[in-house]
Amino acid sequence: MTILVTGSAGHLGEALMRTFRAEGRAARGLDIKPSPFTDMVGSIVDRGVVRDAMDGIDAVVHAATLHKPHVATHTTQDFVDTNITGTLNLLEEAVAAKVGRFVFTSTTSSFGAAMRPAPGEPAAWVTEDTVPVARNIYGVTKLGAEGLCELFALRRGLRLIVLKTSRFFPEADDDAEIRGTYDTANAQANELLYRRADIADMVSAHVAALARAPEIGFGRFIVSATTPFTRDDLALLHSDAPAVVNRLFPRAAALYAAKGWTMFPTLDRVYVNRRAVETLGWRPRYDFAHVLDCLEKGADFRSALAREVGAKGYHDETFTEGPYPVA
């Protein structure tokens, strides 16, 4: 099976290409940027490029996208062109080439404002059944692309899985307040409780989706580290998250104190990966308990793959305000 990976110069695309090559799988990387993991340089917006890239392909992992940090530097039309038209090009050419399976990398950001409860309300329990509420053009276009994927699965018979991925980038948070308050590793360790996954687990989710797509036909799955929380924790999580964490993980406070880390005072959402675990047979390995084990050993809690891929940033230029074009 030969796999086309779009966005092969990005975080996930490179991680996928590294993994496929290491396992001896035939894989072709497509990206607008050259890289050691890009076999074809070109844009998914260009139908001719997509048609050429699809030659001899049996499966597609579509990870190319404009991301949330691009909202301030790219137009609404840019997002529509890349995230919607680019996806449509890939879907149509995949059907024409009789591709057997297709995995689309979407995002939990598409849930938008549904993940932001008002003060006094419990944290949001986010599942695949959560109704999205538009918040920015990134989420809107990714949700639109999901709709195209479902349409092609239902009307054109494409065996297709949508993975709604949580955070997995290694860069500092795009929120200036978070960057100024928490060490990057501290913030990302906290996020593994409720809204993040290690990139190695993201790769294994995509591999599981490729394997199960022919049997499932169409499915939409949240991919995030397994949360230790239940619905009963939601009210307190939104008012006093450390109290919940300390109850579930008695060793956490001392380990965090020794590192000079702190827990977020409140958590506004919890991503639930149960459907991906049960239906795809996905087994994520990197969770908050893993973080604490690593702190006890003085080890890095990130996977070897995460360290190999490293940070890439989202822009070629630098900004006076910091890593992102807006505060």
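Whole-Hz Karplus ³J(HN,Hα) for the stretch 107-112, in order, using 6.51 cos²θ - 1.76 cosθ + 1.60 and θ = phi - 60°, x for Gly and Pro?
So the J values, rounded to whole Hz, are 8, 5, 4, 5, 6, x.
Which percent of Cα pairs goes in each bin when the distances of the chain are cut into 20 angstrom slices starting at zero?
32, 59, 9
Which ordering of Trp261, Trp282 is given by a fewest-first count of other beta-carbon atoms within 10 Å?
By the 10 Å Cβ count, ascending, the order reads Trp261, Trp282.
Within straight cross-link reach of Lys297, meaning Cα distance under 24 Å, which lysines are found once same-chain residues fewer than 8 apart are removed?
Lys259
What's the center-to-center distance, using Cα atoms, between the stretch 170-213 and the stretch 46-75 in Å?
Between the Cα centres of the stretch 170-213 and the stretch 46-75 lies a distance of 22 Å.
Val223's amide H: which non-local residues (gap 5+, or another chain) put their own amide H closer than 5 Å, with H modeled 1.01 Å from N in plane and none for Pro or chain starts?
Under 5 Å from the amide H of Val223: Lys164, Thr165, Ser166.
Grab the other residues whose beta carbon is less than 13 angstrom from that of Gly48, score K and R as +1, D and E as -1, and report the net.
Around Gly48, the surrounding residues sum to -3.
Local charge sum around Thr181 (other residues, Cβ-Cβ under 11 Å, Lys/Arg +1, Asp/Glu -1)?
-3
Show the residues, 5+ positions off or on another chain, whose built amide H is closer than 5 Å to the amide H of Leu4.
For Leu4, whose amide H was placed from the backbone, the distant partners under 5 Å are Arg28, Asp58, Ala59, Val60, Val61.
Springs between alpha-carbon pairs under 10 angstrom, Gaussian network model over the chain: which of Gly298, Gly310, Gly144 fluctuates most?
Taking springs between Cα atoms under 10 Å, the residue moving most is Gly298.
Would you calculate a helix-derived [θ] at 222 nm for the chain, using -39,500 (n - 2.57) for each DSSP H run of n ≥ 4 and dividing by the full residue count, to the nearest 500?
Helices in the chain give a 222 nm mean residue ellipticity of -12000 deg cm²/dmol.
Going by Cα centres, the stretch 217-294 and the stretch 78-126 are how many Å apart?
Their Cα centres are 23 Å away from one another.
No lab work stands behind these numbers, since they all come straight from the coordinates. If you're wondering where the values come from, they're calculated on a predicted model, not measured in any experiment. Neighbour counts are summed over all protein chains in view; Cβ atoms, including those assigned to glycine, are modelled from backbone coordinates with ideal geometry.
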